[in-house]
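Structure, as structure tokens:
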Amino acid sequence: MFKFTRHVSTLATPPSQPIPGTSQVPNSAGGYTWSVDDWARLDRFLVLGSEGGSYYIAERALTLEGAQAVLRCLAVDGARVVARTAEVSEAGRAPKNDPAIFVLAMAAKLGDEATRKAAYAALPRVCRIGTHLMHFAEYAQGFGGWGRGMRKAVASWFNARSADELALQLVKYQARDGWSTRDLLRLAHPRAASPSHDRLFAWVTSGALPAGAAADPALALLVAKDALTRITSPREAANVIRTHRVPREAVPTELLAHAEVWEALLADLPVTAMIRNLATMTRVGLLAPGADATRTVVARLGDNARLARARVHPVAVLAALLTYESGRGARGSGTWTPVGPILDALDGAFYATFGGVEPSGTRTLLALDVSGSMSWGSIAGVPGLTPRVGSAAMALVTAATERDHTLVGFSTELTPLAISPRQRLGDAVAAIDRLPMGGTDCALPMQWAQRNQVDVDTFVVYTDNETWAGSVHPAQALRAYRQARGIPARLIVVGMTSNGFSIADPDDAGMLDVVGFDTATPPVISDFARA
Ligand code: CA
């Protein structure tokens, strides 16, 4: 008998060929996978962006592909694009807000009439601070000039907030990435909502304190900022900062070298800024073992409600943790001795920023793709945060909630991983970073469990979906596992780059695609596993 099925079978097909009868497409690595639909691609783009590209796709091409998917979504249902964008942005689900701002700019400039309206209406929800608005202006510029809708929306961004709140925004964010609030005001040309707004606009456009500034309480912050430029004594500066709650951005750089000044700033420092400035505050001597300021910082990092209110993203915590722990600045900003309790508090904050996840209670295999391609590029442009390091951190979040879990790493071989959520996060990801790299065979976790008779209800695979090596497709390996062990096992694929591929079979209800480093992902994993 000629064994036709040795060459063509729907049960066992090498990943270098498509499974016969399916809609599989070639991925970038020479293998075949399914492509995710445009809405899933939109989600990946909103959460992961395209900054830095991936191992296979340059930044430019990845951005273009993402933007084309957004365009197709806009053509089908512009209102849905805007709603999704505002939802992801407002919930703080993405490490960076820029992809959401970019998609909103596309909707505002390229959508139909109703979509444009919806996009401008959503502007204050997505662009919450001055920097966001300047980025919106930059992105929108790429799709056309300043129309009436744009002018109106930007003008109302300035006028809709109280004069006090506007003063804080103007003082904090004067200029970013080639744009200034002066540019925005000149182009939007708003009619001031109140005399205080009028004075604030005058300060922005002229750069000098307007007449009547001293008598207007809404301008007190501007007056304080102005006074700080003439103060050299750290004690005096600290007094001004305390009295007028001056933000860090309004304090001259020379003053930021003093512990006393930072102590005054810390009183009102937003938690994201606090996390970003831990190294500086340690270097100037404010944060030291046993110091009051250290206790303040540790308490704030342990305050889950505060972290949630400030939309602190786990990636921001992880990035701060990796930098702070190293004791050395990335851009030559000196050295410091990390304070132990702060490291522990950052560790706790990382898990807390994912919110409470209810365990599914299922037998869970957490499988990390540690192939070469996962070590390239960075998540959300964070130096050193490769998809590989990122997936280790993500896997530990689920490991921390699921009691019955096993952690493995695979490339073209599979090895059990000796990392645990009880260990320091920095140590755990460093251990993953040191593993040898190789090709990619995403079927290995299921094949390994079958061969070693390991009972698994939920396979969670963290990967860029660029699989190509091995003897069968991951979806086929899962079906073989189900049959061999008599367990209706599920597969959750956590996509760690914003490409358009997935190893999950869209026609199999037991397989699911989710987006890596979406704060909504751990609860989705748990829900799907439990259902
Ligand atoms: Ca790979």
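Here, each number is a calculation from the coordinates, and none is a lab measurement. Treat the numbers as computed from the prediction; the structure is a model and nothing was measured. Neighbour counts run over all protein chains shown; Cβ positions are idealised from the backbone, glycine included.
Between Asp427 and Asp198, 0.36 nm times their residue separation minus their Cα-Cα distance comes to what?
On the way: separation 229, 0.36 × 229 = 82.44 nm, distance 5.36 nm.
Difference between extended and current length: 77.1 nm.
At each listed q (0.12, 0.16, 0.18 Å⁻¹), what is the log10 of I(q)/I(0) that the Debye formula gives for segment 357-530 modelled as equal alpha-carbon point scatterers?
Normalising to I(0) and taking log10 leaves -0.46, -0.87, -1.14.
Contour minus end-to-end for Lys152 and Asp508, with contour as 0.36 nm per residue of separation and end-to-end as the Cα-Cα distance? If you can, show how the numbers build up before the last one.
Values: separation 356, 0.36 × 356 = 128.16 nm, distance 4.76 nm.
Additional length available on full extension: 123.4 nm.
Extending each Cα 7 Å along its Cβ direction at Arg80 and Arg276, get the distance between those two points in nm, one decimal.
Computed distance between label sites Arg80 and Arg276 equals 3.5 nm.
What nm value, rounded to one decimal, do you get for the distance between Thr229 and Arg161 when each label is placed 7 Å out toward the C-beta?
Label at Thr229, label at Arg161, 2.2 nm between them.
For the chain, which longest stretch is free of loop sites, where a loop site is one of the trypsin sites (Lys or Arg not before Pro) that DSSP puts outside H, G, I, E and B and that has at most 12 other Cβ atoms within 10 Å? Before the final figure, lay out each step's value.
Details: sites that count: Lys3, Arg191, Arg230, Arg331, Arg403, Arg422.
With trypsin sites (Lys or Arg not before Pro) excluded where exposed in loops, the chain gives 4-190 as its longest stretch.
Compute the FRET efficiency between Gln68 and Gln141 as 1/(1 + (r/R0)^6), taking r as their Cβ-Cβ distance and R0 = 35 Å, and round to the nearest 0.05. Don't skip to the answer; put the middle values down first.
Values: r = 20 Å, r/R0 = 0.57.
Result of the calculation: an efficiency of 0.95.
Along each of the three principal axes of the Cα atoms of segment 38-219, give the extent in whole Å, ordering the values from largest to smallest.
Computed over the Cα atoms, the extents are 58, 35, 28 Å.
Consider all pairwise Cα distances in segment 342-392 and report the whole-number % of them above 13 Å. Walk me through the numbers on the way to the answer.
Numbers: 908 of 1275 pairs.
The proportion of pairs with Cα distances above 13 Å equals 71 percent.
Taking the simple approach of a point 7 Å from Cα along Cα-to-Cβ for both Ile487 and Glu90, what is their distance in nm?
Here the answer is 4.1 nm between the modelled labels.
Compute the Kirkwood hydrodynamic radius of the chain, taking the inverse of the mean of 1/r over all pairs of distinct Cα atoms, and give it in Å to one decimal.
Values: mean 1/r = 0.0398 Å⁻¹.
Radius from the Kirkwood sum: 25.1 Å.
Please work out how much length the chain gains when fully extended from Arg191 to Ala305, using 0.36 nm per residue of separation minus the C-alpha to C-alpha distance, in nm with one decimal.
Values: separation 114, 0.36 × 114 = 41.04 nm, distance 3.80 nm.
37.2 nm is the gain from fully extending Arg191 to Ala305.
With point charges of +1 on the Cβ of Lys and Arg and -1 on the Cβ of Asp and Glu, referenced to the Cα centre of the chain, which listed residue (Val514, Leu278, Gly130) lies farthest in the positive direction of the dipole?
Among Val514, Leu278, Gly130, the one farthest towards the positive end of the dipole of the chain is Gly130.
Tell me, what is the FRET efficiency for Leu435 and Ser471 to the nearest 0.05, using R0 = 25 angstrom and their Cβ-Cβ distance as r?
E between Leu435 and Ser471, to the nearest 0.05, is 0.65.
Restricting to lysines 8 or more places apart or on different chains, can you count the pairs in the chain with Cα atoms under 27 Å from each other?
Here the count comes out as 9.
Let's see if you can work this out: charge +1 on each Lys and Arg Cβ, -1 on each Asp and Glu Cβ, no other charges. What is the dipole magnitude of the chain about its Cα centre, in debye to the nearest 20?
Values: 52 positive and 49 negative charges, 161 e Å.
Using Cβ point charges on Lys, Arg, Asp and Glu, the chain gives about 780 debye.
Return one number: the angle in degrees, 0 to 90 and rounded to the nearest 10, between the long axis of the Cα atoms of helix 195-206 and the longest principal axis of the Cα atoms of the chain.
80
Quick one: if the Förster radius is 56 Å, what FRET efficiency do Arg451 and Asn239 give, using the C-beta to C-beta distance and rounding to 0.05? Mind dumping the intermediate values first?
Numbers: r = 70 Å, r/R0 = 1.25.
That gives a FRET efficiency of 0.20.
Please name which of Leu396, Gln453, Gln174 has its Cα lying farthest along the dipole of the chain towards the positive end, using unit charges on Cβ (Lys, Arg +1; Asp, Glu -1) and the Cα centre as origin.
Checked the options; the winner is Gln174.
Taking every pair of distinct Cα atoms and averaging 1/r, then inverting, what Kirkwood hydrodynamic radius in Å comes out for segment 269-352? Don't jump to the answer; show the numbers that get you there.
Numbers: mean 1/r = 0.0795 Å⁻¹.
This gives a value of 12.6 Å.
Using only the alpha carbons of segment 158-285, what is the convex hull's orientation-averaged projected area in square nanometres?
Values: hull surface 33.0 nm².
Over every viewing direction, the Cα hull of segment 158-285 projects on average to 8.3 nm².
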